[in-house]
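For reference, the structure discussed in these notes is given below.
The values are calculated or read from the model by the stated rules, or taken from the named source; none is laboratory data. Since we're looking at a predicted model, the values are computed, not measured. Quick reminder, even Gly has a Cβ in these numbers, built from the backbone with ideal geometry, and neighbours come from all protein chains shown. SASA here: full protein model, heavy atoms, side chains in, ligands and nucleic acids out. Shrake-Rupley method; radii C 1.70, N 1.55, O 1.52, S 1.80 Å.
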Amino acid sequence: MQAKATITGFTRRVRDRLRRMGEQQRLLLLSLAVGVSSGLAAVLLSKLIDWIRLGIGCLGDTPVRFLVLPGVGMLLSLLLLRYVIRDNIGHGVTKVLVAMSKNESRIRPHNMWSSILTSSLTIGFGGSVGAEAPIVYTGAAIGSNFARYLGLSYRNMTILVGCGAAGAVAGIFKAPLAGVLFTLEILLFNISMTSMMPMLLSTVSATVVSSLLLGPELPFQCTLSPFSMANLPFYALLGIFSGFCSLYFLRTTLWLEDRLAAWKNPWLKWLACSVGLGLLIFLFPPLYGEGYADLHPLLNAESPSYAGLAGKMLQVPALVPVFFLLVLLLKVFSMTLTNAGGGVGGTFGPTLFTGAITGFVLARTLNLVGLPVPEQNFVLVGMAGLMAGVMQAPMTAIFLIAEMTGGYELFLPLILTATLSFGTIRLFEKYSIYTKRIAQTGELLTHDSDQAVLTLLRVSDLVETDFSPVEIDATLGRFVEIISASGRNIFPVVDSQGRFQGYVSLEQVRKDMFMQDLYEKRHVFNYMQSAPEYVFTDESMESVMRKFEKTGAWNLPVVRSDRTYVGFVSKSKIFSAYRNELKELSQD
């Protein structure tokens, strides 16, 4: 008890001292702390996955390991989600986007550990997903809760969420610049140049922590061939091919998620997904886990080898690209089955894996038809191509692949392939795999300043509550008493339960106000008119502005979901808040 009291007292003194500092100073200090914490979280997740794999490695490449264990990992994760965590923590990057644009950057405290635990079980046992999205969600949760604990403003809390996400990417890939670009491009965070220092502090500190604890080795060791300008047309072809593969990846994933979401029984869904995933991995071993280990021979110009049917197919040269094309197509299914069956993981890792396979399939096909190209180079550049297409983040793709592989000598083909892949998919899809669903709700924070400002505004912050409500059956005499005590010329009309029924303007009742013989004969409902539209307390500002434009009104009533009256929101107040927010964004 004494030790606990000592720790509590120390924590309170630290918090009080930090709160006495200026907010900008606190932000810089916290960004460093968030970076270190995110780096430690990335190391912990990586180690947990390795320890679990080491524990089950004694089984060897047996059918049990491929057919059964991925389902076991999914079941353990599902049990934790339903009975311990009791929250949906899948689609981590999308959850961060929602928190930033809708929930004032507030993320629940359990997300600082829950994604690490469940995703390590999922991936360690062979689930075909990536660890990157869970660690991004963890880093963002660390930033959010550090900021909330010390009472930072919404804007600086959002910056720390970005610092946590950037630090997580930097920590897991040892790529500080890619971590910053990830936040700017994928999280669509409208950040100014003066806010870059906290993010850089976070990514550098996370990278240092990761390098000290995991060693300085690059995540993907590769043996590259010298770049040849003569191969640029083939890299351009890879960019276009990657764009179409990205389109397949994105649309198939969302379609399959919708189909599997219709299954309401979680245990039946787990069983079906486990059986499906086990069979896919058994027939196509590269689908096991993240698949990064299977990329090592491809990145080093070595021949991959597998047992069973896969091994027999790889012994026939013409069937090698066919086999890996099937792996490319089926990775989407194995990934979605893992998440739908209760596992926790992201699309980041599968995107990199599929991109590598895309590059290999094209390069091996070109070699078979007599057009010699270095396959390992195409494997590396293909990773950037899929990332640029699926996530619609070409800058992140270029620098992440260069940083985590040391492939800076392929900078030109990286730029060409990523750009063409991004341009190809943009012909068909405006949003990335992370943003497509939430963009339809109008809750997506974007780089468009107008849209970003509207997303940052909240109805709850703009509602005016100094209007005097009047009951619908009140007499004119009672109404005159309310008018005499009010400073407004609009009066919301409610029923006995406080539900909004309409409104009365002072102009409508002015001519009868001084006719006392009408005080008991007339009632409020004789003057009431209906509102042209309602505004709900949780409605997006973009939707609110559409209602103002549609009705031509200057004031609209704000109600809760059960139509309980809250107040009014005025177009003039929205414009004023919009100008102030835009000014802060431009001056930050």
Exactly one of LEU352, LEU371 is under 19 Å from SER246 (Cβ atoms) and not polar (S, T, N, Q), and that one is LEU352
Looking only at the stretch 405-444, how many residues end up being modelled with pLDDT of 85 or more, within 26 Å of ALA170 (Cα to Cα) and not aromatic (Phe, Trp, Tyr)? 14
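When the residues of the stretch 529-538 are filtered to those that are in a loop (DSSP other than H, G, I, E, B) and surrounded by fewer than 17 Cβ atoms within 10 Å (Cβ to Cβ), which remaining residue is farthest from the chain's Cα centre (by Cα)? First the steps, then the outcome.
Initial filter on the stretch 529-538 (in a loop (DSSP other than H, G, I, E, B)): 530-534, 537-538.
Then keep just the ones that are surrounded by fewer than 17 Cβ atoms within 10 Å (Cβ to Cβ); that gives 530, 532-534, 537-538.
Numbers: SER530: 41, PRO532: 36, GLU533: 33, TYR534: 31, THR537: 24, ASP538: 20 Å.
Taking the candidates together, the pick is SER530.
Table: residues versus (1) crowded, with 24+ Cβ neighbours inside 10 Å; (2) of a type in the set (Lys, Arg); (3) at pLDDT 95 or above.
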residue: THR354; (1), (2), (3): yes, no, yes
residue: GLY359; (1), (2), (3): yes, no, yes
residue: GLY370; (1), (2), (3): no, no, no
residue: PHE378; (1), (2), (3): yes, no, yes
residue: GLY385; (1), (2), (3): yes, no, yes
residue: MET391; (1), (2), (3): yes, no, no
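Tell me, which helices (runs of 4 or more DSSP H) lie completely within the stretch 347-446 with 1 or more residues that are closer than 30 Å to LEU319 by Cα?
348-368, 375-390, 394-405, 411-426
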Tell me which residues, restricted to the stretch 549-577, are in contact with a strand residue (DSSP E or B) (Cβ under 8 Å, 6 or more places away or on another chain) and either charged (D, E, K, R) or at pLDDT below 85 (or both). ARG560, ASP562, ARG563, LYS571, LYS573
For the stretch 159-198, how many residues meet the condition of being modelled with pLDDT of 85 or more, part of a helix (DSSP H, G or I), farther than 13 Å from VAL136 by Cα and open to solvent by 10 Å² or more (accessible area, probe 1.4 Å)? 6
Of ARG82, ARG155, the only residue that is of a type in the set (D, E, K, R) and either modelled with pLDDT of 90 or more or more than 25 Å from ARG458 (Cα to Cα) (or both) is ARG82
Working carefully through the options PHE514, PHE500, find the one that is at pLDDT below 85 and over 28 Å from ALA388 (Cβ atoms). PHE514
Out of (1) among the acidic types (Asp, Glu); (2) part of a loop (DSSP other than H, G, I, E, B); (3) touching a Pro at 6+ places or on another chain (Cβ under 8 Å), the one GLU302 does not meet is (3)
Would it be correct to say that GLY343 is surrounded by 24 or more Cβ atoms within 10 Å (Cβ to Cβ), at pLDDT 95 or above and either in contact with a Gly (Cβ under 7 Å, 6 or more places away or on another chain) or under 25 Å from MET74 (Cα atoms) (or both)? no
Counted residues in the stretch 473-496 being modelled with pLDDT of 90 or more and closer than 21 Å to LEU556 by Cβ come to 5
Checking LEU247 against (1) touching an Asp or Glu at 6+ places or on another chain (Cβ under 8 Å); (2) open to solvent by less than 10 Å² (accessible area, probe 1.4 Å), only one condition comes out false. Which one? (2)
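Here is a check on your reading of the model: is MET100 closer than 21 Å to THR158 by Cβ, hydrophobic (A, V, I, L, M, F, W, C), touching a residue at least 60 places away in the same chain (Cβ under 8 Å) and in a helix (DSSP H, G or I)?
Here the answer is yes, as MET100 does meet what is asked.
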Of everything in the stretch 281-303, what is open to solvent by 30 Å² or more (accessible area, probe 1.4 Å), more than 27 Å from the chain's Cα centre (by Cα) and touching a residue at least 60 places away in the same chain (Cβ under 8 Å)? Give them in sequence order. PHE282, HIS296, ALA301
When TYR503 is evaluated against the numbered criteria (1) of a type in the set (Phe, Trp, Tyr); (2) closer than 30 Å to ARG478 by Cα; (3) free of Cβ contacts under 8 Å to residues at least 24 places away in the same chain, which criterion, by number, is the only one it fails? (3)
Filter result (within 13 Å of ASN526 (Cβ to Cβ) and assigned to a helix (DSSP H, G or I)) within the stretch 492-516: GLN508, VAL509, LYS511, ASP512
Restricting to the stretch 445-472, and then to whatever is under 23 Å from the mean Cα position of the chain (by Cα) and of a type in the set (A, V, I, L, M), can you tell me which residue is modelled with the highest pLDDT? LEU457
Select from the stretch 540-562 the residues that are in a loop (DSSP other than H, G, I, E, B) and surrounded by fewer than 17 Cβ atoms within 10 Å (Cβ to Cβ) and list them in ascending order. GLY552, ALA553, TRP554, ARG560, SER561, ASP562
